[in-house]
Amino acid sequence: MISESNLVEDVKRKDHAAFKKLVDQYQEMVLNTCYGFVHDIDDAKDLTQEVFIKIYDSIHKFRGDAKLSTWIYRISVNKSLNFIRAAKKVKITDLDALSNSRDLKLRVHHESELADIEMEREQRSRILFKAIDSLNENQRIAFSLNKLEDVSYNEIGEIMNISLPAVESLIHRAKLNLQKKLIKYYKKNLN
Amino acid sequence: MKKQNKMKCKEVHKLIGPFLNGSMDVKKSGLFRSHLSECRSCEKLVGELSATLSILDEQKRILPDPFMHTRIWQEIENRQKTNVLFSVRRIVQPIMVAAILIIGIYIGIGLGNSYVSEAEEIASVDNRTLVDEFLFNEMDYEPIEIFLIDK
């Protein structure tokens, strides 16, 4: 099996086969990381494409100080955040805004009418992702990478250029804030 | 004494996190469960929150797209072609603009020159006529005798 450094060197030489290997190896990771931020499969696929084009164009800048996956995670996170900022996808900073959605409100109040379990799950996912989206940016990056992508605290530290205790603190605060936001939302909408 | 051991809704709301994480001690956990068995709204709240947070653990992985590499490679080739065209355009465009400007200036100067020389020609013809007919033939209109008579 080709080593990571050889793969990088081959991609630097613009070797098509090596680039294909790189895409095959990291596509799932990039796709799911982007999806964790944008919550839309089509947007995540477009972003994955952008991420690999960026990798192809700037692979010469990769010096091998960090793991290749760390570098790719960083590009994926940056691309996703830029996408969100540009598209103003996250306008809701307070979960209360969700209760203004007639559709969601009705679904919560008339729970008994929901026969379809998948629909219920989808609705909960929407509420959960809105709550995650409303976290502060650093908490959100750390939390999403750890919870949705299962990235280790050490690697998150390298991706975000912060210390291990800082990562621990970010994730801890993210969990607490997420619970607070969800409790506040459900207290308001369940009764 | 019994009443003091019971948890209130407010306290339950504060402890939902530790309860769901499993980080609550046995005694508190018992009181928490006891409250849930008596309070329908808290039971519903904890149930909903638990179901929502559990989505994080069972989050579906999106499977890779088998055509992703082809799409990416196509896009890279398209961008490279566009970049070549853009580079050519970046070189050719100023040259074209400069050439058009020079041609324009040249035509302008040419037209300007030809216009001036025509005007001068007309003016010179008119002057000749004026000089011939009026300046040197004034005697035809004002004969010298008229001046002599006045004096």
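Things worth noting here:
- Test for A:K61: is it at pLDDT below 90, farther than 21 Å from B:R61 by Cβ and not hydroxyl-bearing (S, T, Y): no
- Where a residue in region B:19-31 is away from chain A (no Cβ under 11 Å) and its partner, wherever it lies, is surrounded by 15 or more Cβ atoms within 10 Å (Cβ to Cβ), with Cβ under 6 Å and at least six apart: B:M24/B:P18; B:L31/B:M7
- Test for B:M68: is it in contact with a Pro (Cβ under 8 Å, 6 or more places away or on another chain) and at pLDDT 85 or above: no
- Enumeration of residues in region B:19-40 that are surrounded by 13 or more Cβ atoms within 10 Å (Cβ to Cβ), in contact with a helix residue (DSSP H, G or I) (Cβ under 8 Å, 6 or more places away or on another chain), in a helix (DSSP H, G or I) and not charged (D, E, K, R): B:F19, B:L20, B:S29, B:L31, B:F32, B:H35, B:L36
- For region A:76-170, the helices (runs of 4 or more DSSP H) that sit wholly inside it and include 3 or more residues that are modelled with pLDDT of 55 or more are A:117-133, A:137-143, A:153-160.
- Residues being without any contact (Cβ under 8 Å) to a residue 60 or more places away in the chain, within 14 Å of another protein chain (Cβ to nearest Cβ) and not hydrophobic (A, V, I, L, M, F, W, C) - total across region A:141-185: 9
- When the test is whether a residue is more than 12 Å from chain B (Cβ to nearest Cβ), surrounded by 16 or more Cβ atoms within 10 Å (Cβ to Cβ) and under 17 Å from A:S76 (Cβ atoms), A:F52 does not pass it.
- Qualifying positions in region B:32-67 - under 50 Å from the mean Cα position of the chain (by Cα) and either touching a residue at least 40 places away in the same chain (Cβ under 8 Å) or farther than 23 Å from A:R124 by Cα (or both): B:P64, B:D65, B:P66, B:F67
- Here B:G110 does not fit the description of being at pLDDT 85 or above, within 30 Å of A:A174 (Cβ to Cβ) and within 54 Å of the chain's Cα centre (by Cα).
The values are calculated or read from the model by the stated rules, or taken from the named source; none is laboratory data. None of the values given here were measured: they were computed from a predicted structure. A quick note on method: Cβ atoms are made from the backbone with ideal geometry, for glycine too, and the neighbour counts reach across all protein chains shown.
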